1. Return only the number of the condition from (1) on the phi < 0 side of the Ramachandran plot; (2) crowded, with 16+ Cβ neighbours inside 10 Å; (3) at pLDDT 95 or above; (4) not in a loop (DSSP other than H, G, I, E, B) that residue 59 does not satisfy.
2. All but one of (1) assigned to a strand (DSSP E or B); (2) touching a residue at least 24 places away in the same chain (Cβ under 8 Å); (3) surrounded by fewer than 19 Cβ atoms within 10 Å (Cβ to Cβ) hold for residue 21; state the number of the condition that does not hold.
3. Which condition from (1) surrounded by 20 or more Cβ atoms within 10 Å (Cβ to Cβ); (2) out of contact with any helix residue (DSSP H, G or I) (no Cβ under 7 Å at 6 or more places or on another chain); (3) closer than 17 Å to residue 167 by Cα is the one that residue 125 breaks?
4. Look through 193, 226, 182 and report the one residue that is assigned to a loop (DSSP other than H, G, I, E, B) and surrounded by fewer than 13 Cβ atoms within 10 Å (Cβ to Cβ).
5. From the list 108, 136, 74, 141, which residue is modelled with pLDDT under 95 and within 30 Å of residue 23 (Cβ to Cβ)?
6. Could you run through the range 80-126 and say how many residues are outside any helix (DSSP H, G or I), closer than 21 Å to residue 157 by Cβ and without any contact (Cβ under 8 Å) to a residue 40 or more places away in the chain?
7. Can you find a residue that is on the phi > 0 side of the Ramachandran plot and crowded, with 16+ Cβ neighbours inside 10 Å anywhere in the range 83-106?
């Protein structure tokens with residue numbers, strides 16, 4: 001089986017500084033990769049390149065069999081992204097927001113898909129309310145639904161638990177579990193416990209470089225904790 005994501009010698013420079021420096025890894029279909037590292041390690045920059053929101057200075061990414069540099073628009077059809085920015089229109093209702101994205105992606109029977117997702121994130125009863133009236137946690141839940149509206153094969157998560165209350169976190173965990181089969185996930189996280197609990201694979205970055213990549217079970221929790229403490233001590237490049 002071909003890898004779901006292949007990253008080869010990926011580099012992103014800002015001026016004279018390399019935010020991501022010669023990163024390479026391959027991730028099998030259905031894997032869940034948790035990306036760890038100190039602030040400034042290049043985690044979000046890496047995720048933005050996987051999401052086609054930033055162009056690499058060097059290197060290539062193949063995602064779902066698609067070369068991101070050659071066919072970025074086609075690649076976006078296979079990607080769902082949850083980030084700090086919910087990418088929602090505050091003056092539209094939850095339903096209107098999701099319908100907009102569903103129609104942009106050409107989703108078959110968009111109304112049914114939108115209601116299904118709002119029900120899954122526990123907001124069907126608020127579907128006609130404007131997003132600006134929602135709490136941060138509720139907005140993030142609509143954002144999760146938005147990221148899944150096109151039924152993506154690859155889901156990218158940038159600190160997805162940020163701003164979620166315990167109830168919303170539980171809904172998120174249940175939703176991820178329900179859609180995890182046959183999908184590939186890449187999650188940037190500062191929460192070691194949550195990241196390791198979800199992960200099948202782990203990637204540790206420091207100063208833009210790979211410190212460790214492999215299956216989670218290759219290391220014991222104590223060994224990983226020691227590695228991470230050393231990595232955090234490396235600080236920002």
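1. Result: residue 59 fails condition (1) only.
2. (3)
3. (1)
4. Selected residue: 182, the only one of 193, 226, 182 that is assigned to a loop (DSSP other than H, G, I, E, B) and surrounded by fewer than 13 Cβ atoms within 10 Å (Cβ to Cβ).
5. Of the residues listed, the single one that is modelled with pLDDT under 95 and within 30 Å of residue 23 (Cβ to Cβ) is 74.
6. Within the range 80-126, residues that are outside any helix (DSSP H, G or I), closer than 21 Å to residue 157 by Cβ and without any contact (Cβ under 8 Å) to a residue 40 or more places away in the chain number 2.
7. no
Yes or no, residue by residue, for (1) buried (at least 22 other Cβ atoms within 10 Å of the Cβ); (2) closer than 24 Å to residue 5 by Cα; (3) touching a residue at least 24 places away in the same chain (Cβ under 8 Å):
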site	(1), (2), (3)
144	yes, yes, yes
155	yes, yes, yes
167	no, no, yes
177	no, yes, no
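The values are calculated or read from the model by the stated rules, or taken from the named source; none is laboratory data. Only a predicted model underlies this, so the values are computations on that prediction, with no experimental measurement involved. Note: ideal-geometry Cβ built from the backbone for every residue, glycine included; neighbour counts use all protein chains shown.
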